[in-house]
Amino acid sequence: MKRVWTRERKFSMRSNRMVKTIAPTSGLYSRPAKTDIEKLNFEFDIIFAGGGTTAGVIAGRLAAADPSLKILILETGPGTQDDLAHTQPGRFLTHLRPDSTTVRFIDGNPSEHLNGRSLNVQCGQCVGGGSSVNFMMYTRASASDYNDWEKVHDNPGWGFEDLLPLSKKAETYQIAADRPTHGYSGPLKRTLVDDANTMTEVNGYVRWPKWIDERSGKRSDVPHHFIYNQQASNKNLQLLAGCSVRRIVFEHNRAVGVEYLHNTRVRPGADDVPHIARSKRLVVVSAGACGSPAILERSGIGAKDILEKHGIQSLVDLPGVGENYQDHTVLFVPFLTSNDSDSLDGIAGNDQDEITKWTPLWLEEGKGLLATNGIDGGVKFRPTPEELKIIGPEFEKRWTSFYSNKPDKAISWYGCLAAFVGTVYPEAGQKAYSMAAYLTYPAGVGSMHITSAEDVNAPPDFDTGVFSCPEDVAVMKYLYKRCRELGRRMACYRGDYAAGHPAFPEGSAAAPQKRDRPFDIDEPDIAYSPEDEQAIEEYLKATVATAWHSIGTCAMKPRNKGGVVDARLNVYGVEGLKVADLSICPGNVGTNTSLQL
Ligand SMILES: Cc1cc2nc3c(=O)[nH]c(=O)nc-3n(C[C@H](O)[C@H](O)[C@H](O)COP(=O)(O)OP(=O)(O)OC[C@H]3O[C@@H](n4cnc5c(N)ncnc54)[C@H](O)[C@@H]3O)c2cc1C
């Protein structure tokens, strides 16, 4: 029987009543309501709108540095504390199932560049955000990425040398001592293998590192290491799950709090009236690249014409809000494997027998399939001159203008994953694995804007930008071929999973095959005819996906260049309001994006 996961999940479109956004001059709320924080009876110093990766690190560090600071984190998704779905690494793919309540599914607009397809993008929606649901790949940006942030985008203090100490502060590198670009006393543990992440080198193949504690076998997420561990001892650090921030509350042009609603999917039976929480010093919007621009726009900060369309009074005309959307387009190429191979397919499918089988090893030793993400081999790939010729002329200009004089920039990350990732699953009992490849700096850029002034769940007007530039398609075509050559030489290979490959014309030498053994290392590469090339292009348009690395929608740039925040993360045109999350990235980073700030 085939399992088919469709991407049709939609959010409820319950419309909220119009509310007054003027905050009271004292007290927490505009009206009495039975909520957890009402009993606290104090104004907060700092409020975080969004309780994901970045908010957790900043709020946790501030609370530890000064426990008298009254900090509130409002997170729309559910809590994650000691929940095995989050702490057991092997379960990471379960968060992407269509019935998942821990990620948000966002449909892109149907795109001519994808043959009319609407690409669905997912982002973390729970306490810990992406850090609590992600694939736990530990990858770091290239030094030149941050130097570009500083020099190209005019952000003093954001160069590689400035940020490296902060990156080291977050991690405990469990592999080897005395590595100059790694840290040894941070809360997050990274495990396995040697180093492909010095930030200055490319083309080093390694067993890929992971945000997993090698002693406990647990996910090294943000909330367990920065927030939950302080809550019992510090009542001034308050976290409210299931609360959606609708807008910022201003007095004149100073942010003095937020208006939020209960998320009744997380808090069934809770009231549906808007609440206001007040802050004395700062509001930090930290709702991620897919959440932060919406909060700003609903608050009157954004392009005037977009706000006017939704009847929102403009507070600051800031056309950069919601623009500059970027991601890393990804492709998963599936292969069949023998039934005695270890695969995460069972755990990903919530197969209770498989989970029960691996649980004792995880509990007792922190090892086994529940303690891994199954992503073991990988490389940040920068092509040779010969490989550039194969990629073809479409990529030449981009190579010359963007990559050629920055030798630390890879054009792709690719590697293998001990699981099937896709929509049409192989027959029951047939195991699979994938070669995955993502574009590190796609040229295509998109945008994301609100479609409602009031409804926090309204789907956005979302142009993903994917494949809008032909150079991205050219590189992806090359990556499909490369994944295929690598995948069919792996010892566990037992054939190509045809449903996950291009529909090559009949008789094509590239047609998927079933085999009982891998190809030899020196097997000649597959030769593709012009018709095969066309089939690959069509397949890519139907198949490429988000790499879950949404960034850039509240970019840190000068205001006259489309910036939303300055180099201190202050939102232009108002006071007491910062944005802190991956939405502030002015340009892309050649890496998986967790903890790039
Ligand atoms: C499935 C998946 C796999 C990934 N794999 C990897 C990986 O292997 N390695 C890696 O390095 N990176 C990975 N990433 C990317 C990485 O996790 C993210 O880039 C990073 O976590 C983003 O951090 P952030 O602080 O910008 O936003 P987030 O961590 O997404 O936090 C934003 C939070 O704000 C909340 N929010 C949004 N709107 C509102 C609102 N109106 N009110 C209240 N709360 C709101 C959201 O629910 C969310 O919890 C992955 C991401 C996903 C989703």
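Where a number appears in this text, it was derived from the coordinates with a stated rule and is not lab data. Just so it is clear, the model here is predicted, and its values are computed rather than measured. Virtual Cβ from ideal backbone geometry, glycine too; neighbours counted across all protein chains shown.
Looking at the chain, what % of its DSSP beta bridges pair antiparallel, to the nearest 5?
So the antiparallel bridges amount to about 70 percent of the total.
Tell me which residues come under 5 Å, amide H to amide H, from residue 251 once H is placed; ignore anything under 5 positions away on its chain.
Those lying under 5 Å, H to H, from residue 251 are 256.
Excluding residue 301 itself, calculate the net charge of residues whose Cβ lies under 11 Å from the Cβ of residue 301, where each Lys or Arg counts +1 and each Asp or Glu counts -1.
That works out to +1.
Which of rounded, prolate or oblate describes the chain when judged by the alpha-carbon gyration tensor and an a/c cut-off of 1.5?
In terms of gyration-tensor shape, prolate.
Rounding to the nearest 10 and keeping the result within 0 to 90°, find how far the Cα-based axis of helix 160-170 lies from the longest principal axis of the chain.
Here the helix axis deviates by roughly 80 degrees.
With θ set to phi - 60°, apply the Karplus curve 6.51 cos²θ - 1.76 cosθ + 1.60 along the range 565-582 and write out the HN-Hα couplings as whole Hz, x wherever there is a Gly or Pro.
Going residue by residue, I get 10, 8, 5, 9, 6, 7, 6, 4, x, 9, 10, x, 9, 10, 10, 9, 4, 6 Hz, with x marking Gly and Pro.
Check each of the GluC sites (Glu not before Pro) in the range 296-402 and keep only those in coil by DSSP with at most 12 other C-beta atoms within 10 angstrom; list them in order.
Counting only loop positions with at most 12 other Cβ atoms within 10 Å, none of the GluC sites (Glu not before Pro) in the range 296-402 qualifies.
Quick check on the exposure proxy: order 45, 463 from fewest to most C-beta atoms within 10 angstrom.
Sorted ascending by nearby Cβ count, the order is 45, 463.
Could you list which residues have their amide H under 5 Å from that of residue 246, counting only those 5 or more apart in sequence or on another chain, with H placed in the peptide plane?
259, 260, 261
Where does each of 341, 111 land when they are ranked from fewest to most other beta-carbon atoms within 10 angstrom?
341, 111
For the pair residue 503 and residue 404, what calculated FRET efficiency results from E = 1/(1 + (r/R0)^6), where r is the Cβ-Cβ distance and R0 = 41 Å, to the nearest 0.05?
Plugging the Cβ-Cβ distance into 1/(1 + (r/R0)^6) gives 0.70.
Which is the longest run of the chain containing none of the trypsin sites (Lys or Arg not before Pro) found in DSSP loop states (not H, G, I, E, B) with at most 12 other C-beta atoms within 10 Å?
236-567
By how many degrees, 0 to 90 and rounded to 10, does the Cα axis of helix 53-65 deviate from the longest principal axis of the chain?
50 degrees
Please give the charge dipole size of the range 188-344, origin at the Cα centre, charges +1 on K and R Cβ atoms and -1 on D and E Cβ atoms. Round to the nearest 20 debye.
760 debye
Using 0.36 nm per residue of separation minus the Cα-Cα distance, give me the extension gain between residue 489 and residue 423 in nm, one decimal.
In short, 21.3 nm is gained.
Any chance you could give the angle, 0 to 90 degrees and rounded to 10, that helix 352-365 forms with the longest Cα principal axis of the chain?
Long axis of 352-365 versus the principal axis of the chain: about 80 degrees.
Listed here are the pairs 389/481; 406/541; 304/578; which of them are more than 18 Å apart at the Cα?
Exceeds cut-off: 406/541; 304/578.
Just tell me which aspartates and glutamates come within less than 12 Å, Cα to Cα, of residue 409; anything on the same chain fewer than 8 places away is out.
Within reach: 145, 148, 201.
Counting other beta carbons within 10 Å of each Cβ, put 447, 434 in order, fewest first.
With the fewest neighbours first, 447, 434 line up as 447, 434.
Hand me the GluC sites (Glu not before Pro) from the range 470-537 located in a DSSP loop with no more than 10 other Cβ atoms within 10 Å, in residue order please.
Sparse-neighbourhood loop GluC sites (Glu not before Pro): 506.
Quick one: Debye curve from the C-alpha atoms of the range 406-455, no solvent, what's log10 I(q)/I(0) at q = 0.14, 0.16 Å⁻¹?
-0.69, -0.75
For the range 293-299, in order, what is each residue's ³J(HN,Hα) by Karplus, 6.51 cos²θ - 1.76 cosθ + 1.60 with θ = phi - 60°, in whole Hz (x at glycine and Pro)?
Coupling constants for the range 293-299: x, 5, 4, 5, 4, 5, 8 Hz.
Calculate the spin-label point distance for residue 397 paired with residue 273, positioning each point 7 Å from the Cα along the beta-carbon direction, and give it in nanometres.
5.9 nm
To the nearest 500 deg cm²/dmol, what mean residue ellipticity at 222 nm is calculated for the chain from DSSP H runs of n ≥ 4 alone, each contributing -39,500 (n - 2.57), summed and divided by the residues?
Here the helix-only value at 222 nm equals -5500 deg cm²/dmol.
Assuming R0 = 45 Å, can you tell me the calculated FRET efficiency for the pair residue 521 and residue 308, based on Cβ-Cβ distance, to the nearest 0.05?
That pair, residue 521 with residue 308, gives E of 0.15.
Please report, in whole Å, how far the alpha carbons of the range 449-556 spread along each principal axis, starting with the longest.
58, 30, 28
Suppose every K and R has +1 on its Cβ and every D and E has -1 on its Cβ; what is the size of the dipole of the range 428-541 about the Cα centre, in Debye to the nearest 20?
700 debye
About its Cα centre, what dipole magnitude does the chain give when the only charges are +1 on Lys and Arg Cβ and -1 on Asp and Glu Cβ, stated in debye to the nearest 20?
1520 debye
With label points built 7 Å along Cα→Cβ from the Cα atoms of residue 233 and residue 169, find their separation and express it in nm.
Distance between label points: 1.9 nm.
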